[in-house]
Amino acid sequence: MIHELPELPYALNELEPSISQKTLEFHYGKHHQAYVTNLNNLIKGTAFEKAGLEEIVRHSEGGIFNNGAQVYNHTFYFMALSPNGGGEPKGALANAITETFGSFAAFKEEFSKAGATLFGSGWVWLVADSHNKLRIMKKNNAGNPITDGMTPILTMDVWEHAYYLDTQNARPKYIENFWNLVNWKVIEERYDEL
Amino acid sequence: MAFELPKLPYAYDALEPHIDTRTMEIHHSKHHAGYTNNLNAAIAGTDIEEQSIENILANISKQAVAVRNNGGGFFNHDLFWQVMSPKGGGKPSGSLLAAIEKDFGSFDSFKEEFSKAAATRFGSGWAWLVKQSNGKLVVSSTPNQDNPLMDLAEVKGTPILGLDVWEHAYYLKFQNKRPDYISEFWNVINWEEVAKRFQD
(Lines give C-alpha, C1' and ligand atoms only; values in the text may rest on other atoms or scores of the structure.)
Protein backbone atom coordinates (compact mmCIF):
# COMPACT_ATOMS: atom_id res chain seq x y z
CA MET A 1 0.00 0.00 0.00
CA ILE A 2 1.02 3.59 -0.54
CA HIS A 3 1.55 5.33 2.77
CA GLU A 4 0.41 8.91 3.07
CA LEU A 5 1.14 11.88 5.28
CA PRO A 6 -1.99 12.23 7.42
CA GLU A 7 -3.81 15.53 7.51
CA LEU A 8 -3.49 17.21 10.88
CA PRO A 9 -6.64 18.14 12.82
CA TYR A 10 -5.24 21.65 13.44
CA ALA A 11 -3.41 24.39 11.52
CA LEU A 12 0.36 24.60 11.88
CA ASN A 13 0.16 27.85 13.85
CA GLU A 14 -2.48 26.61 16.27
CA LEU A 15 -0.15 24.95 18.76
CA GLU A 16 1.57 28.29 19.42
CA PRO A 17 3.06 29.28 21.80
CA SER A 18 3.75 25.76 23.13
CA ILE A 19 5.08 24.52 19.76
CA SER A 20 5.88 27.10 17.10
CA GLN A 21 4.58 27.12 13.56
CA LYS A 22 8.15 26.96 12.28
CA THR A 23 8.84 23.79 14.26
CA LEU A 24 5.69 22.16 12.89
CA GLU A 25 6.48 23.24 9.33
CA PHE A 26 9.72 21.28 9.54
CA HIS A 27 8.63 18.51 11.86
CA TYR A 28 5.45 17.64 10.00
CA GLY A 29 6.12 19.12 6.57
CA LYS A 30 9.71 17.90 6.18
CA HIS A 31 10.64 15.16 8.69
CA HIS A 32 7.30 13.32 8.80
CA GLN A 33 6.90 13.74 5.05
CA ALA A 34 10.42 12.41 4.40
CA TYR A 35 9.75 9.27 6.45
CA VAL A 36 6.57 8.67 4.39
CA THR A 37 8.41 9.20 1.10
CA ASN A 38 11.39 7.05 2.14
CA LEU A 39 9.10 4.26 3.34
CA ASN A 40 7.17 4.17 0.07
CA ASN A 41 10.44 4.00 -1.89
CA LEU A 42 11.99 1.33 0.35
CA ILE A 43 9.07 -1.12 0.35
CA LYS A 44 8.80 -1.28 -3.45
CA GLY A 45 9.44 -4.84 -4.55
CA THR A 46 9.76 -6.17 -0.99
CA ALA A 47 7.54 -8.40 1.15
CA PHE A 48 6.27 -5.22 2.83
CA GLU A 49 4.93 -3.61 -0.34
CA LYS A 50 1.31 -4.42 0.58
CA ALA A 51 1.74 -4.46 4.36
CA GLY A 52 -0.03 -2.10 6.75
CA LEU A 53 2.03 0.20 8.93
CA GLU A 54 1.62 -1.86 12.08
CA GLU A 55 2.78 -5.01 10.32
CA ILE A 56 5.84 -3.12 9.06
CA VAL A 57 6.65 -1.93 12.60
CA ARG A 58 6.16 -5.44 13.95
CA HIS A 59 8.20 -7.39 11.42
CA SER A 60 10.67 -5.21 9.49
CA GLU A 61 14.19 -4.08 10.30
CA GLY A 62 16.84 -1.66 9.00
CA GLY A 63 15.70 1.22 6.82
CA ILE A 64 12.14 -0.06 6.37
CA PHE A 65 11.71 -0.30 10.15
CA ASN A 66 13.30 3.09 10.79
CA ASN A 67 11.11 4.90 8.29
CA GLY A 68 7.96 2.84 8.92
CA ALA A 69 8.17 3.23 12.68
CA GLN A 70 8.90 6.94 12.32
CA VAL A 71 5.75 7.33 10.18
CA TYR A 72 3.75 5.46 12.83
CA ASN A 73 5.32 7.36 15.75
CA HIS A 74 4.87 10.82 14.27
CA THR A 75 1.25 10.16 13.28
CA PHE A 76 0.55 8.80 16.77
CA TYR A 77 2.18 11.90 18.29
CA PHE A 78 0.65 14.60 16.08
CA MET A 79 -2.87 13.12 16.18
CA ALA A 80 -2.95 13.36 19.97
CA LEU A 81 -2.05 17.06 20.15
CA SER A 82 -4.63 19.83 20.13
CA PRO A 83 -4.80 23.61 20.56
CA ASN A 84 -7.52 22.83 23.13
CA GLY A 85 -5.46 20.15 24.86
CA GLY A 86 -4.01 20.01 28.32
CA GLY A 87 -5.60 19.36 31.67
CA GLU A 88 -6.16 15.83 32.92
CA PRO A 89 -7.78 12.67 31.58
CA LYS A 90 -11.16 11.46 32.80
CA GLY A 91 -12.96 8.16 33.21
CA ALA A 92 -11.36 4.73 32.99
CA LEU A 93 -7.97 6.09 31.86
CA ALA A 94 -7.84 8.50 34.80
CA ASN A 95 -8.61 5.63 37.18
CA ALA A 96 -5.96 3.40 35.61
CA ILE A 97 -3.34 6.15 35.85
CA THR A 98 -4.12 6.73 39.52
CA GLU A 99 -4.05 3.01 40.21
CA THR A 100 -0.67 2.51 38.50
CA PHE A 101 1.21 5.69 39.37
CA GLY A 102 -0.54 6.88 42.54
CA SER A 103 -1.84 10.11 41.02
CA PHE A 104 -1.94 12.01 37.73
CA ALA A 105 0.77 14.33 39.06
CA ALA A 106 3.03 11.36 39.84
CA PHE A 107 2.44 9.92 36.35
CA LYS A 108 3.23 13.27 34.76
CA GLU A 109 6.42 13.55 36.75
CA GLU A 110 7.60 10.05 35.84
CA PHE A 111 6.76 10.48 32.13
CA SER A 112 8.50 13.89 32.06
CA LYS A 113 11.58 12.45 33.74
CA ALA A 114 11.72 9.63 31.20
CA GLY A 115 11.64 12.28 28.45
CA ALA A 116 14.33 14.41 30.04
CA THR A 117 16.70 11.48 30.62
CA LEU A 118 16.35 9.65 27.31
CA PHE A 119 19.87 10.02 25.90
CA GLY A 120 20.10 10.93 22.22
CA SER A 121 17.06 10.66 19.95
CA GLY A 122 13.87 8.79 20.78
CA TRP A 123 10.35 8.57 22.13
CA VAL A 124 8.67 8.24 25.50
CA TRP A 125 5.57 6.07 25.65
CA LEU A 126 2.64 5.37 27.91
CA VAL A 127 1.71 1.79 27.03
CA ALA A 128 -0.59 -1.00 28.19
CA ASP A 129 0.79 -4.51 28.58
CA SER A 130 -1.13 -7.70 27.72
CA HIS A 131 -3.01 -7.44 31.05
CA ASN A 132 -3.94 -3.83 30.23
CA LYS A 133 -1.62 -2.60 32.94
CA LEU A 134 -0.06 0.79 32.23
CA ARG A 135 3.63 1.52 32.15
CA ILE A 136 6.08 4.12 30.82
CA MET A 137 8.76 3.12 28.30
CA LYS A 138 11.72 4.90 26.71
CA LYS A 139 12.61 3.84 23.15
CA ASN A 140 15.65 5.02 21.18
CA ASN A 141 15.58 6.46 17.67
CA ALA A 142 12.56 5.02 15.82
CA GLY A 143 11.76 2.54 18.61
CA ASN A 144 8.12 1.56 19.10
CA PRO A 145 6.67 -0.52 21.97
CA ILE A 146 4.56 -2.66 19.62
CA THR A 147 7.74 -4.69 19.08
CA ASP A 148 7.73 -5.46 22.83
CA GLY A 149 4.15 -6.73 22.71
CA MET A 150 2.80 -3.50 24.22
CA THR A 151 -0.10 -1.34 23.07
CA PRO A 152 0.89 2.33 22.76
CA ILE A 153 -1.47 4.93 24.24
CA LEU A 154 0.48 8.20 24.38
CA THR A 155 3.84 9.23 22.96
CA MET A 156 6.18 12.23 23.16
CA ASP A 157 8.89 12.87 20.59
CA VAL A 158 12.22 13.83 22.18
CA TRP A 159 14.32 13.92 19.03
CA GLU A 160 16.00 17.33 19.07
CA HIS A 161 14.14 18.27 15.86
CA ALA A 162 10.90 18.23 17.90
CA TYR A 163 11.95 21.24 19.97
CA TYR A 164 15.34 22.65 19.04
CA LEU A 165 14.03 25.72 17.15
CA ASP A 166 11.82 26.59 20.14
CA THR A 167 13.75 25.67 23.28
CA GLN A 168 17.24 24.56 22.05
CA ASN A 169 19.11 22.58 24.72
CA ALA A 170 16.28 23.09 27.23
CA ARG A 171 14.40 19.85 26.56
CA PRO A 172 12.57 20.05 29.92
CA LYS A 173 10.90 23.30 28.77
CA TYR A 174 9.54 21.52 25.69
CA ILE A 175 8.28 18.68 27.89
CA GLU A 176 6.50 21.17 30.14
CA ASN A 177 4.84 22.74 27.09
CA PHE A 178 3.86 19.32 25.74
CA TRP A 179 1.40 18.85 28.62
CA ASN A 180 -0.52 21.95 27.44
CA LEU A 181 -1.25 20.21 24.14
CA VAL A 182 -2.12 16.60 25.00
CA ASN A 183 -5.59 15.81 23.67
CA TRP A 184 -6.81 13.55 26.46
CA LYS A 185 -10.01 12.72 24.54
CA VAL A 186 -7.91 10.93 21.92
CA ILE A 187 -5.83 9.21 24.60
CA GLU A 188 -8.97 8.12 26.50
CA GLU A 189 -10.39 6.60 23.30
CA ARG A 190 -7.17 4.69 22.70
CA TYR A 191 -7.34 3.34 26.24
CA ASP A 192 -11.04 2.46 25.98
CA GLU A 193 -10.32 0.40 22.86
CA LEU A 194 -7.95 -1.98 24.69
CA MET B 1 40.62 16.05 39.57
CA ALA B 2 37.58 17.43 37.88
CA PHE B 3 37.44 17.83 34.10
CA GLU B 4 37.10 21.37 32.83
CA LEU B 5 35.17 22.66 29.86
CA PRO B 6 37.92 23.38 27.30
CA LYS B 7 37.99 26.87 25.84
CA LEU B 8 37.23 27.14 22.15
CA PRO B 9 40.40 27.82 20.13
CA TYR B 10 38.48 30.61 18.28
CA ALA B 11 35.52 32.95 18.86
CA TYR B 12 31.91 31.75 18.63
CA ASP B 13 31.44 33.69 15.39
CA ALA B 14 34.73 32.58 13.80
CA LEU B 15 33.26 29.72 11.75
CA GLU B 16 30.60 31.90 10.07
CA PRO B 17 29.06 31.56 7.55
CA HIS B 18 29.58 27.79 7.62
CA ILE B 19 28.57 27.25 11.24
CA ASP B 20 26.59 30.06 12.84
CA THR B 21 27.44 31.94 16.04
CA ARG B 22 24.31 30.97 17.95
CA THR B 23 24.80 27.27 17.25
CA MET B 24 28.44 27.44 18.36
CA GLU B 25 27.56 29.31 21.53
CA ILE B 26 24.80 26.93 22.63
CA HIS B 27 26.74 23.87 21.50
CA HIS B 28 29.80 24.80 23.55
CA SER B 29 28.38 26.70 26.54
CA LYS B 30 25.32 24.49 27.08
CA HIS B 31 25.77 21.05 25.51
CA HIS B 32 29.53 20.60 25.99
CA ALA B 33 29.36 22.24 29.44
CA GLY B 34 26.51 19.88 30.33
CA TYR B 35 28.54 16.80 29.41
CA THR B 36 31.50 18.11 31.38
CA ASN B 37 29.46 18.76 34.54
CA ASN B 38 27.61 15.46 34.26
CA LEU B 39 30.87 13.56 33.73
CA ASN B 40 32.35 15.11 36.86
CA ALA B 41 29.21 14.22 38.82
CA ALA B 42 29.28 10.64 37.49
CA ILE B 43 32.93 9.96 38.46
CA ALA B 44 33.04 11.93 41.74
CA GLY B 45 34.18 9.67 44.55
CA THR B 46 34.80 6.66 42.26
CA ASP B 47 38.11 4.91 41.57
CA ILE B 48 38.34 6.45 38.07
CA GLU B 49 38.14 10.02 39.34
CA GLU B 50 41.88 10.61 38.78
CA GLN B 51 42.16 8.86 35.41
CA SER B 52 42.65 10.51 32.05
CA ILE B 53 39.62 10.69 29.78
CA GLU B 54 41.39 8.36 27.31
CA ASN B 55 41.85 5.71 30.02
CA ILE B 56 38.26 6.02 31.14
CA LEU B 57 37.02 5.58 27.57
CA ALA B 58 39.31 2.61 26.91
CA ASN B 59 37.57 0.68 29.70
CA ILE B 60 34.12 2.20 29.31
CA SER B 61 32.30 -1.14 29.22
CA LYS B 62 33.01 -1.46 32.96
CA GLN B 63 31.48 1.94 33.76
CA ALA B 64 27.98 3.24 34.39
CA VAL B 65 26.06 4.46 31.37
CA ALA B 66 26.31 8.07 32.65
CA VAL B 67 30.12 7.86 32.35
CA ARG B 68 29.83 6.45 28.84
CA ASN B 69 27.39 9.14 27.68
CA ASN B 70 29.02 12.12 29.35
CA GLY B 71 32.64 10.98 29.05
CA GLY B 72 32.03 10.46 25.35
CA GLY B 73 30.31 13.83 25.07
CA PHE B 74 33.17 15.54 26.90
CA PHE B 75 35.90 14.01 24.71
CA ASN B 76 34.06 14.15 21.37
CA HIS B 77 33.22 17.84 21.52
CA ASP B 78 36.77 18.76 22.54
CA LEU B 79 38.10 16.92 19.49
CA PHE B 80 35.41 18.48 17.30
CA TRP B 81 36.32 22.08 18.24
CA GLN B 82 40.00 21.42 17.63
CA VAL B 83 39.64 19.84 14.20
CA MET B 84 37.85 22.96 12.98
CA SER B 85 39.32 26.38 12.25
CA PRO B 86 38.25 29.63 10.60
CA LYS B 87 41.27 29.10 8.33
CA GLY B 88 40.29 25.50 7.59
CA GLY B 89 39.12 23.75 4.47
CA GLY B 90 40.96 22.53 1.42
CA LYS B 91 42.86 19.27 1.49
CA PRO B 92 45.42 17.68 3.77
CA SER B 93 49.00 17.38 2.57
CA GLY B 94 52.09 15.26 3.20
CA SER B 95 51.90 11.89 4.89
CA LEU B 96 48.22 12.25 5.88
CA LEU B 97 47.20 12.89 2.28
CA ALA B 98 49.35 9.95 1.16
CA ALA B 99 47.70 7.69 3.74
CA ILE B 100 44.20 8.82 2.71
CA GLU B 101 45.00 8.18 -0.95
CA LYS B 102 46.42 4.77 -0.10
CA ASP B 103 43.48 3.66 2.05
CA PHE B 104 40.57 5.27 0.17
CA GLY B 105 41.88 5.55 -3.39
CA SER B 106 41.65 9.36 -3.47
CA PHE B 107 40.79 12.32 -1.26
CA ASP B 108 37.46 12.63 -3.07
CA SER B 109 36.45 9.06 -2.37
CA PHE B 110 37.40 9.52 1.30
CA LYS B 111 35.29 12.68 1.39
CA GLU B 112 32.38 10.83 -0.14
CA GLU B 113 32.63 7.89 2.26
CA PHE B 114 32.91 10.15 5.33
CA SER B 115 30.01 12.33 4.20
CA LYS B 116 27.88 9.26 3.60
CA ALA B 117 28.68 7.87 7.07
CA ALA B 118 27.59 11.21 8.55
CA ALA B 119 24.43 11.47 6.44
CA THR B 120 23.23 7.94 7.11
CA ARG B 121 23.83 7.76 10.86
CA PHE B 122 20.22 7.35 12.02
CA GLY B 123 19.34 9.41 15.09
CA SER B 124 22.13 11.07 17.06
CA GLY B 125 25.82 10.30 16.66
CA TRP B 126 29.18 10.99 15.05
CA ALA B 127 31.16 10.21 11.90
CA TRP B 128 34.87 9.49 12.33
CA LEU B 129 38.13 9.14 10.49
CA VAL B 130 39.94 6.54 12.56
CA LYS B 131 43.58 5.47 12.63
CA GLN B 132 43.59 1.80 13.54
CA SER B 133 46.35 0.14 15.55
CA ASN B 134 47.93 -1.20 12.31
CA GLY B 135 48.11 2.38 10.96
CA LYS B 136 45.30 1.94 8.45
CA LEU B 137 42.72 4.72 8.10
CA VAL B 138 39.02 3.86 8.09
CA VAL B 139 35.73 5.75 8.24
CA SER B 140 33.21 4.76 10.89
CA SER B 141 30.21 6.13 12.70
CA THR B 142 28.99 5.70 16.26
CA PRO B 143 25.61 6.28 17.91
CA ASN B 144 24.98 8.98 20.53
CA GLN B 145 28.27 9.96 22.27
CA ASP B 146 30.18 6.71 21.68
CA ASN B 147 33.56 6.92 19.94
CA PRO B 148 36.34 4.69 18.55
CA LEU B 149 38.41 4.92 21.76
CA MET B 150 35.73 2.97 23.63
CA ASP B 151 36.39 -0.73 24.15
CA LEU B 152 32.84 -1.44 23.05
CA ALA B 153 33.10 0.41 19.71
CA GLU B 154 32.58 -1.68 16.59
CA VAL B 155 35.53 0.03 14.89
CA LYS B 156 38.30 0.76 17.39
CA GLY B 157 41.27 3.07 17.01
CA THR B 158 42.31 6.70 17.38
CA PRO B 159 39.79 9.21 16.06
CA ILE B 160 41.70 11.91 14.11
CA LEU B 161 38.66 13.68 12.63
CA GLY B 162 35.09 13.72 13.96
CA LEU B 163 31.82 15.26 12.81
CA ASP B 164 28.93 15.74 15.21
CA VAL B 165 25.63 14.82 13.56
CA TRP B 166 23.37 15.25 16.56
CA GLU B 167 20.59 17.57 15.42
CA HIS B 168 21.77 20.15 17.98
CA ALA B 169 24.93 20.59 15.89
CA TYR B 170 23.04 21.98 12.89
CA TYR B 171 19.30 22.38 13.47
CA LEU B 172 19.17 26.16 14.06
CA LYS B 173 20.82 26.83 10.70
CA PHE B 174 20.06 23.82 8.53
CA GLN B 175 16.99 22.19 10.14
CA ASN B 176 16.24 18.89 8.35
CA LYS B 177 19.00 19.40 5.77
CA ARG B 178 21.84 17.49 7.40
CA PRO B 179 23.66 17.01 4.05
CA ASP B 180 24.03 20.80 3.69
CA TYR B 181 25.67 20.97 7.12
CA ILE B 182 28.01 18.15 6.16
CA SER B 183 29.02 20.03 2.97
CA GLU B 184 29.81 23.14 5.02
CA PHE B 185 31.97 21.16 7.44
CA TRP B 186 34.57 20.59 4.71
CA ASN B 187 35.15 24.37 4.61
CA VAL B 188 36.28 24.50 8.24
CA ILE B 189 38.34 21.33 8.73
CA ASN B 190 41.67 22.11 10.35
CA TRP B 191 43.85 19.65 8.41
CA GLU B 192 46.99 20.67 10.33
CA GLU B 193 45.38 19.49 13.54
CA VAL B 194 44.13 16.29 11.90
CA ALA B 195 47.66 15.63 10.56
CA LYS B 196 49.09 16.15 14.06
CA ARG B 197 46.70 13.57 15.46
CA PHE B 198 47.58 11.22 12.58
CA GLN B 199 51.29 11.45 13.37
CA ASP B 200 50.99 11.07 17.15
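So if a site counts as exposed when it's one of the trypsin sites (Lys or Arg not before Pro), its DSSP state isn't H, G, I, E or B, and it has at most 15 other Cβ atoms within 10 Å, what's the longest stretch of chain B without one? Longest run free of exposed loop sites: B:8-86. Report summary: the helix-based calculation at 222 nm, which adds -39500 (n - 2.57) for every DSSP H run with n ≥ 4 and divides by the residues of chain A, gives -13000 deg cm²/dmol. Between B:P159, B:P17, B:P179, the residue with the greatest mean-square fluctuation in the GNM of chain B (Cα pairs under 10 Å linked by springs) is B:P17. Is the C-alpha gyration tensor of chain B telling us rounded, prolate or oblate? Criteria: a/c under 1.5 is rounded; beyond that, a/b larger than b/c is prolate, otherwise oblate. Cα axes put chain B in the oblate bin. Which of rounded, prolate, oblate describes the stretch A:1-150, given a ≥ b ≥ c as roots of the alpha-carbon gyration tensor eigenvalues and a/c under 1.5 marking rounded, otherwise prolate only if a/b is larger than b/c? Since a/c reaches 1.5 but b/c is at least a/b, the shape of the stretch A:1-150 is classed as oblate. Using only alpha carbon pairs under 8 Å that are at least six residues apart, calculate the relative contact order of the stretch A:91-192 and give it in whole percent. Relative contact order of the stretch A:91-192: 26 percent.
If you wrap a convex hull around the alpha carbons of the stretch A:111-166, what volume per residue comes out, as a whole number of Å³?
Working: hull volume 3.8 nm³, N = 56.
Hull volume over Cα atoms, normalised by residue count, gives 68 Å³.
Relative contact order of chain A: 25 percent, from C-alpha pairs under 8 Å at least 6 residues apart in sequence. Within chain B, the longest run free of exposed loop sites, counting GluC sites (Glu not before Pro) that sit outside DSSP helix and strand states (H, G, I, E, B) and have at most 16 other Cβ atoms within 10 Å, spans B:51-153. Residue by residue along A:112-125, Cβ atoms of other protein chains within 10 Å of the local Cβ number 2 on average. Taking the 1.4 Å solvent-accessible surface of the stretch A:1-148 as the whole, the part contributed by carbon and sulfur is 48%.
If N is the number of residues in the stretch A:29-103, what value comes out of its Cα radius of gyration divided by 2.2 N^0.38 Å? Expressed relative to 2.2 N^0.38 Å, the Cα Rg reads 1.48.
Lys and Arg at +1, Asp and Glu at -1: add these up for the other residues within a Cβ distance under 14 Å of B:G162 and post the number.
So the surrounding residues net to -1.
Each listed q (0.08 Å⁻¹) maps to a log10 I(q)/I(0) for the protein assembly as shown from the Debye sum over equal C-alpha point scatterers, namely -0.47.
Shape annotation for the stretch A:91-192: C-alpha extents along the principal axes are 37, 28, 22 Å, from largest to smallest.
Using the 1.4 Å probe convention, the accessible area of the stretch A:21-78 works out to 44 Å² per residue with neighbouring protein chains retained.
What net charge do the residues around B:N76 carry, taking every other residue with its C-beta under 10 Å from that of B:N76, with Lys and Arg at +1 and Asp and Glu at -1?
-3
Annotation for the B:A interface, with buried accessible surface near 1800 Å², both sides summed [1.4 Å probe; non-protein components not counted].
The values are calculated or read from the model by the stated rules, or taken from the named source; none is laboratory data. These numbers were taken from a predicted model, which means no experiment stands behind them. Neighbour counts run over all protein chains shown; Cβ positions are idealised from the backbone, glycine included. Keep in mind that these areas ignore ligands, DNA and RNA; they rest on the heavy atoms of the full protein, side chains included. Shrake-Rupley method; radii C 1.70, N 1.55, O 1.52, S 1.80 Å.
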